[in-house]
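Please read the structure below before turning to the comments.
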Amino acid sequence: MSLAATSKAIGAVTEALKVRLDARTGTTVSVGRLDQSSGSNAHLNLFLYEIAFDPHLKNTPLNEGEKPPVWLVLKYLLTAFESTSVSDSAKAHEILGAAIRALHQDDLLKLSGLAASQSIPLASNPSALHVTFDESPAELVAKLSHGSDETPRLSIAFHVRPVMIASGEPGNYSLLVGVDYTQSPVALSSAPVGLDVIPSMGVHITELLPTGFELDEVVSIRGTDLHLESLSVELGGVELPVVLQRPDELQFKVDAAILGASGISAGSHPISVVQFHPGTGKKRKSNLAIGHLVPTLTSAVIPALGLTIIPAASPSAPEKAYATINLGGKLLGNKTDDVTVALYRDARVHKMFDVFTILSSPQPPLQPAQQLVMSANDAVPAGDYKVILRVNGQQAPQSPTISLRIP
């Protein structure tokens, strides 16, 4: 259908609504302001009171290289009348209810059954026209009830979107590369391609899988131009090697040796793909993604003579216990990191700790140990507990069991 006909789209939507309401309610429909409502018998009045620009489709063209159409939201007010001026009666309310049902029965404004004058201006609309109810407070109706008839009338509001009015300007296209246009007839090459108006600007990251990872895991980056040469990955400023490349996917290893030498801690870090240009010695970085480097907790051990049991104060009270707990693993944090340990049992945390024995500074590579020294004031009911470790907001996926009771 001709895009030029879309200039009549606003009137076509109004006519299509009028046809639907008339057919489904059996009630005459007039179009215009409330003070212009015509009809001596029961009727509906359809008033297009506002036209807005659709913010969700602004600057969205039909095809690349074309000027975007104008995308509209048409806002209507629908009022029911029992007679010429009576709109607040039981009969008028029945008519209004039938009109609401007619609009709600199918929230798409379909073109089937419409006359050519109504369907042609809407046939080029690439998206179905949606009918959506809006709030219609008394203030809105009162504001719109102007002129000779200033009586507030019970009405409903709704809108129709997206209504397209196409641009009359020609598109900004280009010839295909690989086609010899001097020959007659024109012969296509085996694989003609379009001429990109904007060249590739390098790697672009769209997804990181998984977003949380431990040392020595392989992480996938998805995006564009990931097949380019001389690529590496930076995690928190530490360069890591690439182990697999495809145009839309790249994989890198969270190498424990490299990260251990850097002194990096667990936590959320920026990730980018870096391309090195040998000719200039410069590096071009992609957009940033956020990756979560998590600690690894492999053991929680109470050393010999490290457990103290406090006898029960009464027959009904439980025994309590406190202990020294040695934690082992990787990336368990240093003295400047935000490290917390929780003792978890019976579906809840019984005690949390964020103060640990002063460790040597700096921590050994990969921060392999932490020591928690509980005091009598930290005692918890005797029993078995899961140990939860968090470093800089990232929780270790392992939670070993610690026994705070006499075997």
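Restricting to segment 101-117, give me the number of residues that are outside any loop (DSSP other than H, G, I, E, B), touching a residue at least 24 places away in the same chain (Cβ under 8 Å) and touching a Leu at 6+ places or on another chain (Cβ under 8 Å).
2
Give the residues of segment 390-407 that are part of a loop (DSSP other than H, G, I, E, B) and closer than 14 Å to A304 by Cα, sorted by residue number.
R405, I406, P407
Look through G32, G39 and report the one residue that is modelled with pLDDT under 90 and exposed (fewer than 15 other Cβ atoms within 10 Å of the Cβ).
G32
If you go through segment 188-206 one residue at a time, do you hit one that is at pLDDT 90 or above, closer than 29 Å to Q367 by Cβ and exposed (fewer than 13 other Cβ atoms within 10 Å of the Cβ)?
no
Quick one: which strands (runs of 3 or more DSSP E) sit completely within segment 269-335 and have at least 1 residues that are outside the structural domain of E249 (by TED's automatic domain parsing) and under 23 Å from S375 (Cβ atoms)?
The strands (runs of 3 or more DSSP E) meeting that bar are 296-301, 307-310, 320-330.
Just one of (1) outside any loop (DSSP other than H, G, I, E, B); (2) within 19 Å of A266 (Cβ to Cβ) trips up L343, so point out which.
(2)
Which number in (1) among the charged types (D, E, K, R); (2) farther than 30 Å from I271 by Cα; (3) surrounded by fewer than 17 Cβ atoms within 10 Å (Cβ to Cβ) marks the one condition that K320 misses?
Only one criterion in (1) among the charged types (D, E, K, R); (2) farther than 30 Å from I271 by Cα; (3) surrounded by fewer than 17 Cβ atoms within 10 Å (Cβ to Cβ) is unmet by K320, namely (3).
Would it be correct to say that G223 is in contact (Cβ under 8 Å) with a residue 40 or more places away in the chain, buried (at least 16 other Cβ atoms within 10 Å of the Cβ) and assigned to a strand (DSSP E or B)?
Yes: the conditions hold for G223.
Name, by its number, the condition in (1) β-branched (V, I, T); (2) over 13 Å from F158 (Cα atoms); (3) outside any helix (DSSP H, G or I) that does not hold for I120.
(3)
Are there any pairs with C-beta distances below 6 angstrom linking a residue in segment 133-145 that is assigned to a strand (DSSP E or B) to a residue that is modelled with pLDDT of 80 or more and not charged (D, E, K, R), with the two at least 6 apart or on different chains, and if so which?
F133/F158; D134/A157; D134/F158; D134/H159
Is segment 238-253 home to any residue that is more than 19 Å from S220 (Cβ to Cβ), surrounded by 19 or more Cβ atoms within 10 Å (Cβ to Cβ) and not assigned by TED's automatic domain parsing to the domain that holds D338?
Looking through segment 238-253, none of the residues is more than 19 Å from S220 (Cβ to Cβ), surrounded by 19 or more Cβ atoms within 10 Å (Cβ to Cβ) and not assigned by TED's automatic domain parsing to the domain that holds D338.
The values are calculated or read from the model by the stated rules, or taken from the named source; none is laboratory data. Note that the coordinates shown come from a computational prediction; the quantities given were computed from them, not determined experimentally. Ideal geometry is used to build each Cβ from the backbone, glycine not excepted, and the neighbour counts take in all protein chains shown.
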